[in-house]
Amino acid sequence: DAGVIQSPRHEVTEMGQEVTLRCKPISGHNSLFWYRQTMMRGLELLIYFNNNVPIDDSGMPEDRFSAKMPNASFSTLKIQPSEPRDSAVYFCASRGELGETQYFGPGTRLLVL
Amino acid sequence: AQKVTQAQTEISVVEKEDVTLDCVYETRDTTYYLFWYKQPPSGELVFLIRRNSFDEQNEISGRYSWNFQKSTSSFNFTITASQVVDSAVYFCALSEVANQAGTALIFGKGTTLSVSS
């Protein structure tokens, strides 16, 4: 079975540009998570969906960040406009039932110049 | 408030040494889940183990073993006879059952393990 799929794997963009990260969760999983990893802050939750509904978006840094999950097999994380401090690795993870393991995608390494 | 502490930032050992990575957690929930993930230099996050709060049995998987003690809120990870391929950042994480949907993972800061030959 395919794991969590993320695209792109690497993204280099200039400050002010719009960035869209994509995630396809494991088939049958009903929860999806977006995390960000930086040296300063470690791994932190951005937003979490359950059955396509946002449950916790308290980690979304500011209005420049938005996330959608239009169906059970696809989610996007958008940054508009991007800033250098958004440079990080963005992970998507999915989980089946409550308490089960979260499986992570390979991450998107974002560099904003 | 929930929190995961990995006090050891970096550990360096020589191959074949045993090494224990410490993890201490804080939670008010009686039902929760603990995890360990490995992040090798290639950057992906690899799941190692999951344990629920009602199961304090220790677990062994090959060279890996885990010691869960609710009395001290610890979930330590031991690698026996370490190998160079064990070099990675190891994360301990906590997930609570705060509501019907549960919570996301709360990660510790990670412990960087370097195994030299």
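The values are calculated or read from the model by the stated rules, or taken from the named source; none is laboratory data. In this text, all values refer to a predicted model and were calculated from it rather than measured experimentally. Positions of Cβ are generated from backbone atoms using ideal geometry, with glycine treated the same way; all protein chains shown enter the neighbour counts. Areas reflect the complete protein model, heavy atoms only, side chains present, ligands, DNA and RNA absent. Shrake-Rupley method; radii C 1.70, N 1.55, O 1.52, S 1.80 Å.
List of remarks:
- Charges were assigned to the Cβ only: +1 to each Lys and Arg, -1 to each Asp and Glu. The resulting dipole of chain A about its Cα centre is roughly 220 debye.
- Estimated distance in nm for a label pair at A:Glu44 and A:Ser73, the labels positioned 7 Å out from Cα along Cα-to-Cβ: 3.4 nm
- The solvent-accessible area of B:Glu44, taken with every protein chain present and a 1.4 Å probe, is close to 70 Å².
- Per-pair calculated FRET efficiency, R0 = 35 Å: B:Ser116 and B:Ser74 via Cβ, rounded to 0.05: 0.80
- In chain A, Cα pairs under 8 Å separated by at least six residues give a relative contact order of 37 percent.
- Spatially close Lys pairs in the protein assembly as shown, defined by Cα atoms under 30 Å apart and a spacing of eight or more places or different chains, total 21.
- Nearest-20 debye value, the protein assembly as shown charge dipole, Cβ charges on Lys, Arg, Asp, Glu: 260 debye
- Here the simple spin-label model places points 7 Å from the Cα toward Cβ, and for A:Asn52 and A:Ala2 these points are separated by 1.9 nm.
- Estimated FRET transfer efficiency (B:Arg63, B:Glu10; beta-carbon r; R0 22 Å; 0.05): 0.60
- When nucleic acids and ligands are ignored and a 1.4 Å probe is applied, A:Ser27 ends up with an accessible area of around 110 Å².
- Contact order normalised by residue count of chain B, Cα under 8 Å, 6+ apart, percent: 37 percent
- Other residues with beta-carbon under 11 Å from the beta-carbon of B:Glu59 carry, at +1 per Lys or Arg and -1 per Asp or Glu, a net charge of 0.
- Annotation: B:Lys70 carries an accessible surface of approximately 70 Å², with a 1.4 Å probe and no ligand, DNA or RNA atoms counted.
- Cα lying deepest toward the dipole's positive end in chain A, options A:Met40, A:Pro70, A:Leu113, charges on Cβ: A:Leu113
- A versus B: buried accessible surface, summed, Å² (probe 1.4 Å, to nearest 100): 1600 Å²
- Relative contact order (%) - the range B:1-63, alpha-carbon pairs under 8 angstrom, separation at least six: 27 percent
- Cα gyration tensor shape of chain A, rounded if a/c is under 1.5, else prolate or oblate by comparing a/b with b/c: prolate
- Inter-chain Cβ neighbour average for residues A:99-112, partner chain, 10 Å: 4
- Across the accessible surface of the protein assembly as shown, with the other protein chains kept in place and a 1.4 Å probe, carbon and sulfur atoms take up 48 percent.
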